[in-house]
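This report refers to the structure that appears directly beneath it.
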Amino acid sequence: MRKLSRALLSIGVILISACSLDGLVSVDDPEGEREIDRESLNTLAGGISLYHNAVGNLARGVSALSHDVGFLTDEMAALRIGEIGSTGRTNFYDARIKTELSSSVQGLTSDSYSYWHSTRTSASQARQIISRFESDLKNFYLSASYAIEAQAVLALAENFCSGVPLSTVPFEGDVEYTSGFSTEAMFEQAVALFDSSLSLAHDSIPVLTLARIGKARALLGLNRYQDAVAAVADVEQGDAFTLSYTQANPPSGGGTTGGRTFWTNQGTVNIYRSSIIENMEGLNGLLWMASGNLPQDPRVPINTTTTPRKQNKFTSGTLTFPLATWIDVLMIRAEASLENAGPSDTEWLDIINQARATRGIVDTTDPGGPEARVNLLFRERAFWFYLQGTRLSDYRRLVRQYNRNVSTIYPTGPYNKTSGSILNYGDALVFMPSISEFNYNPKFTSCININP
Amino acid sequence: MKMPVQYIFIALFCLSTSSLTAQMPVLLTGNRLWDAPADSTAGPRITISMKNVSMERVLDSISSLTGMTVLSNSADIKLNKLVSVDFKSRPLEEILGSLFAGTNYEGVMSKNSKTILVKLRSGKGGAGQNSETGTIVGQMVDSASGNPVVGASISIAGRNLVTTTDKDGRFSLANVPVGSHQVSVKSFGYRAVLRTITVSKGAAQTLNISLVALPTSLNEVVTTVTGNKRRLELGTDIARIDPDVIRRRAPVANVTDMLEAAQIPGVLITPTSGEPGSPSRIRIRGMGSIYKSNDPLVIIDGVWLDAEGGTARMDALDPEMIESIEIVRGPSAATEYGQDAANGVIVITTKKGVAGPARWNINYSYDNGRPYGTKPIVYKGWGTAITSERQMFCTVAHVANRECTQDSLLVFDPNNPLLNDEGTETNHRLSLALDGGSSAMRYSITASAQTDIGARQLRPIDFIRYRLLDVSVPGDYKKPRTQDRRSISANFTLIPDDKWNVVFGVQTNQTKLESKLIAMEGAVGGPNPPDWRLDTDTVNFLNRANSYSIIRSSDPVNTLTSLYTVQGNWRPTERWNVQGTGGIERSTGETGGLSLQSICRVGVPCFDSTGTRRQETSNSSAYTMRFMTNYTPSLGKLTSILELRPAFGIDYRKVARSNLSGQRNNLAPGETGMESGTSSVADYSSYANATAGWYLNSTIGLFRRLYFDIGVRQDIGSAITSSSSTRYPKLSTSWLASDESFWPVNNFVGMLRLRAALGYAAVQPEISDIRGRYVSDYEFIDGVWVRTTKPTAAGNPALKPERAAEFELGFDTDIIYDRVSVGLTYAHSINSNNLVLRQIAQSAGVNTGRGSSERFENVAKVINRNLELSLDGRVIETENMYLVLNYNLTLSENKVARLGDGVSPFTTGDRASRIEAGYPIGGIWARGIMGYNDENGDGVLSAQELIMTDSFSYIGWQQPRYRAGYGVSLTVNNQWTFDTRFSQRSKYVQRLQFQDSYIIARQDVNAPLSDQALAQADQFGSRPVSDIEWRSLSVTYQVPQNLLQKIRARSLQVSLQGDNLNLWTNYVGRDPRVNAGSATSYDMLRDTGLIMPASRKFSLSLRWGL
């Protein structure tokens, strides 16, 4: 009996030890000079640092998109063979070759596609963490992260096909893939996120400006002109949300991804920064330059010393990018006014000229006729927002909301800027999700449609 | 399952027959299966019932029942009297008293209850009563190792004269009647020997015998976490290496050398280089993981080494301290070691010492060798640039691109003595070992030192070149690669009493690896490439007008590895055993690189320029704690047919690593410290993982010839998610068929054991694979830099360990008068849930920057199949000569059975190595050449003129599918041993980068277009390879006993050995194992060349025992 007792006691001790093994195997995350463990990330400071990552990705997305849109539209004409041939890149965008299922072309747009989603996820995860802690800045960061996430969804809605997945990854969870959201659904989600941003009390004018103007842009995409005007009613002249870019190195300890230079990721930066600008790119392009290329509109500065002409708006990687400004408000109000304007109404023209006056540009006149008025309005937008990533969205709205024919909007006709394999402009109208979506998202098979 | 049911039925039938017990005493041969525990005064209680049998038979049965040895001290004792005994659970003392009642003899138990001495009763006569006797003395040693055989039984046929050998293998048998006798020598695991010897009156006859290990040692004890077990009881094939045997085959500098010399089927050793300190890659039964490590676990005295670099640190262990090495393959690794054991386990046991007076062992070895084989000639095109007319390297590709005009082809022949960077490798090893102790304490201490000076040397041409530049070359740069190792190992065993003992062990090894390099980087500000037009016959390669950058660099790596172990064993009762093991393995590595630059010109004094200083410290600690208990229950009447040994254990292990590194650049001239320099880089990292597990295991034996080993293990760990199934069951069976009554007595198949096993093991992911990784960084926001956090790797919370299931089937047999032993094993493993990096769709937003993010998913499946054959034939077996032939064969197959839905085939490491479902890990692939056409007629092929297939074609596997080992061992007069070994590899593909024609075709515009096409397609080097290697030749002389006595030595052994003696290949070149891989070109200017193969070396070693 004594032996049995001893045996049972020993086994009991061992079993008790076995039961408490869970605590023994708990270890810290790997750490390093720059490596951050998940515990320290799950703090207010950690949440804010994730928010900063969202802002950084937003800036990168804007940088990549403004470049991509410039090439697909008439903002930047082709770089001729020989000028970028050695970089290995070819002129798929400006040839308007459809990007679907072509990995080499996908590689070009996947940059901005990737950044928009990284922006969404970082902003969302930052919000999940920040909401756990009480702080005077809590509402600001929650509001700002909503606005930034909404801006990313807005960019996807404006430029990518109908049917973009908006998958999610909770901070302490697994990837949840989604199927594609239609363009309309993305605009509505953007509106909802901007509304969430605006519902949180704080006094940050830049964040409020981004949310108000962003919401208005989304409402424009939904054909809700008066709602858009209402959304920007509280924006005042001088309000703005801007993004900062620099060519300086980050402080010691910053990684290779720390630097944030405008157009830094678009290959040979200087070549792109001095990209060729042409009048009537692909037949439908604007006359960016007056006769004889002079004088120029100050909104689209051009280097007049080179042939062919090259844009002179973004010539440095260090700049302050205007993502949401008073001009946006004026253009939204002008468009809404024009939408209801009778033949003799001039409010819309007055607003356009009010905007022109801010740069000392002489007033323009009513060209007469609805179509010409719309053309004027969108020409004004094109000049104001040159290389700011809005031109493709304008193309799409012209087709979708103003019933213009694609062949009258997008570059078309003979294309003679490559070595000869492409004879005419292609038919790409939107950007496509990256090839990774087709390969690795089990809920995504293709876009709902690839029309504007 | 048919057999166990049958036996259980038989067992039940036997139980129902009460008289059966008395009729089958021969079955009661267990040494611990007593009815009740031993009584220290009256002996164990036993049950015995026998009628009309001799006293000798009764004593045999008692011996079988108790495990006690029965000895008699006089030849006059006759035990043929017929008696009957019938005792139920009575003390042995009582039984012996009854047995010898009425005789002149008495049976006396020894104090330790291990021996029964039958002697003449006092007053009835005694030793020496018969004065016509003599004595037989002698020593029994192992024929392979020369080590003493302890506990061998020496008896005189027909008489009850028996004794056993002591710790030195010696014995003395007194009172042997004068005349001729047949002396029988038996020992567990050795072939029995019968010798005739004539004893003279009052004289001592000497009988020294080298015992030959039984070909198939089923009684051999192997180490398991549930206690030591006989091989017979396990259904898996565990290979056991005796270091003393291996030392007689080949020079041994470390554990990897032992594994390679042992030629174990299923174990593949691939050296990465022949230079000192270069680790080898060890693969046991193939590669199961696509992304994770395929290195086996290493366990020393029960303590797990850190899996990262474990096999490399294993080689820091002093090989003289090793008692045995066991290779645990396949299913047996599962329940034994569970998590992370999927790649097999190397179990090392160190020496614990033998009780007795202090024994010294002095071992010294000196190796001398050099690499051999013809090195390939290298060519380089040279010409003039079309646009600038400057001289430049001008290859076929340059010409095809119209960049230059080739005017000559430089020939670089590294076989030219002037360019030879391979000299003599020397290695000294000295070790001093001391062991001894008493019944209460034993010790074993070993100290050793080893110096290895690598074969790499500064080329003669460099001496000339630096002399011209007036650059002094320090002496230690002439042989730039050296390694020193110092080791101290000690084990102390405390044995307070029979019930418990504790072993304290410490192994400390310090290794210093030094790599120095002096090199000319090229002309400062001169043309690119540097203006050397190397003509190997003249030394006319320096442009005297140019300045040259000379780099001196030193990269010492100091590693201190320590292992501290405590092993305790407590036996509260004879049936219950508790073992505990605790230990820490610590490793500290310090690297301190220094690179200094000076600028030199012919006729002008050199001046110092900038330098770089690098410092790195790595620490690793691996903690192990284990407890195990096993119990041997009393089964009463079932004892004769059933054995049970259940065991339960828990273990815990944790690994923690840290790394701190820093670098200072742009050191000012003359500065060497980390404090100077104008820019710096610093980093640190830490990492930890922990695993805990419990297991339940039982050995079930039926009729002592059918065994089952059943167990299950469960692990939890820091990198194991709750959703993972981490239970690892195991089942194995071993059946000694030749012991069955139906097995015919024959000399063709004397023994046959069939075995089968099924088990599971796993490979864990890393914690960061599950949780993901974040790094801190900066973002430029609102005009200032602010801290941010970025994800750098996406985690996968649902990740599970890779799960390996392995099935093993085989047999062992001794055939043809026990002259030939055959072991055959087929192993089939399926590694499911294999971890594969898979892209995450970018819509998830966890991308690391602009690209796509990847994370591990359990989607692939890898299958390994191995057929392992070992064959030992004793061709000659006489009193004075043994000739043994060994052959082993491994056929391997590896296949990625499934890669995962949506996972595209991908390349790894080497650009030609590709992972694709249906093909092996590490298969060599290439795109096919459809044709070529020199369209522009310029005589060279451009990339556009070569037509390639879009898809890749499989060429072959990098691992040899067929491996064989051959050995011949001859022992003469127990003094001379001759041994030689060969190994053969075939059916594998290597990328032989230095095929002459390949090099020419890339460089020579006049090379045939067909060769240019192959070169252009980068396929020249990939080809099927086979080779035969003469691994070793060894002659060992064991100094005989009479000479030893004169020099007062216990033993003295002298060996002359050759290693890596020759290589026959089906291509022109060197060792394919190091010829392929990363080295793709000679740097003709610098003295860095090909990866160096292992040297052909000769060794002289002395092993001296005092």
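The values are calculated or read from the model by the stated rules, or taken from the named source; none is laboratory data. Since the structure is predicted, the reported quantities are computational estimates derived from the model, not experimental observations. Glycine gets a Cβ as well: all are built from the backbone with ideal geometry, and neighbour counts include every protein chain shown. We work out accessible area using only protein heavy atoms, side chains counted, and drop any ligands, DNA or RNA first. Shrake-Rupley method; radii C 1.70, N 1.55, O 1.52, S 1.80 Å.
Data overview
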quantity	calculated
The stretch B:435-516: projected area of the alpha-carbon convex hull, averaged over directions, in nm²	6.9 nm²
Shielding by other protein chains, A:165-177, mean Cβ within 10 Å	4
Selection from B:L837, B:P744, B:S732, by position along the positive dipole direction of the stretch B:725-847 (Cβ)	B:L837
Alpha-carbon gyration tensor eigenvalues x 5, square-rooted, for the stretch B:254-384, Å	33, 25, 12
Of B:K78/B:K229; B:K375/B:K895; B:K229/B:K861; B:K654/B:K790; B:K292/B:K479; B:K229/B:K730, those spanning more than 26 Å from alpha-carbon to alpha-carbon	B:K78/B:K229; B:K375/B:K895; B:K229/B:K861; B:K654/B:K790; B:K292/B:K479
Stretchable slack from B:E616 to B:L883, in nm (0.36 nm times residue separation minus alpha-carbon distance)	90.8 nm
√(5λ) per eigenvalue of the Cα gyration tensor, the stretch A:298-452, largest first, Å	31, 23, 18
Signed unit charges on C-beta, dipole axis of chain B, positive-most listed residue B:I720, B:I445, B:S618	B:I445
Highest-first arrangement of A:349-356, B:246-253, B:320-327, where packing means the average Cβ count within 10 Å	B:246-253, B:320-327, A:349-356
0 to 90° range, to nearest 10: angle between helix B:55-66 axis and chain B longest Cα axis	40 degrees
Over the stretch B:773-928 - Rg/Rh using Cα atoms and the Kirkwood inverse-distance radius	1.27
Proximal aspartates and glutamates to B:K201, defined as alpha-carbon separation beneath 12 angstrom and excluding residues fewer than eight positions away on the same chain	B:E132
Accessible surface buried upon B-A contact (total; probe 1.4 Å; Å², nearest 100)	5600 Å²
Packing-based order for B:265-278, A:58-71, B:973-986, using average beta carbon neighbours within 10 Å, highest first	A:58-71, B:265-278, B:973-986
Estimated 222 nm signal from helices in chain B, with DSSP H stretches of n ≥ 4 weighted -39500 (n - 2.57), rounded to 500	-2500 deg cm²/dmol
Alpha carbon convex hull of the stretch B:913-977, volume per residue in cubic angstrom	178 Å³
Column: log10 I(q)/I(0), Debye, Cα scatterers of the stretch A:313-352, q = 0.16, 0.34 Å⁻¹	-0.52, -1.08
Quarter of the Cα convex hull surface for the stretch B:627-773, i.e. its orientation-mean projected area (nm²)	18.1 nm²
Chain B - percent of accessible surface contributed by carbon and sulfur, probe 1.4 Å	54 percent
R0 of 22 Å, Cβ-Cβ distance B:L430-B:Y372: FRET efficiency to nearest 0.05	0.20
B:S953/B:D901 FRET efficiency (R0 30 Å; Cβ-Cβ; nearest 0.05)	0.80
Cα centroid of the stretch A:330-377 to Cα centroid of the stretch B:804-873, whole Å	72 Å
Contact order normalised by residue count of chain B, Cα under 8 Å, 6+ apart, percent	10 percent
Simple label model, 7 Å out from Cα along Cβ direction - A:N340 to B:D938, nm	7.1 nm
FRET E, pair B:V875, B:S1026, Förster distance 25 Å, beta-carbon r, rounded to 0.05	0.35
Rg/Rh (Cα only; Kirkwood hydrodynamic radius) as it applies to chain B	1.02
Enclosed volume per residue, in Å³, of the convex hull spanned by Cα atoms of the stretch A:132-176	66 Å³
Nearest-ten-degree value, helix B:2-15 long axis tilted from longest Cα axis of chain B	20 degrees
Distance between modelled label sites at B:S661 and B:S676, nm, 7 Å Cα→Cβ extension	2.4 nm
Rough spin-label spacing in nm, given labels placed 7 Å along Cα→Cβ, for B:S184 and B:A385	9.2 nm
Label point at B:F504 placed 7 Å out along Cα→Cβ; residues across the stretch B:577-612 whose backbone nitrogen lies under 15 Å	B:582-584
Bridge type composition, chain B - antiparallel percent by DSSP, nearest 5	95 percent
10 Å Cβ neighbours from other chains, averaged over peptide A:35-42	5
Candidate aspartates and glutamates for bridging to B:K88, where Cα separation is under 17 Å - those fewer than 8 sequence places away on the same chain excluded	B:D35, B:D39
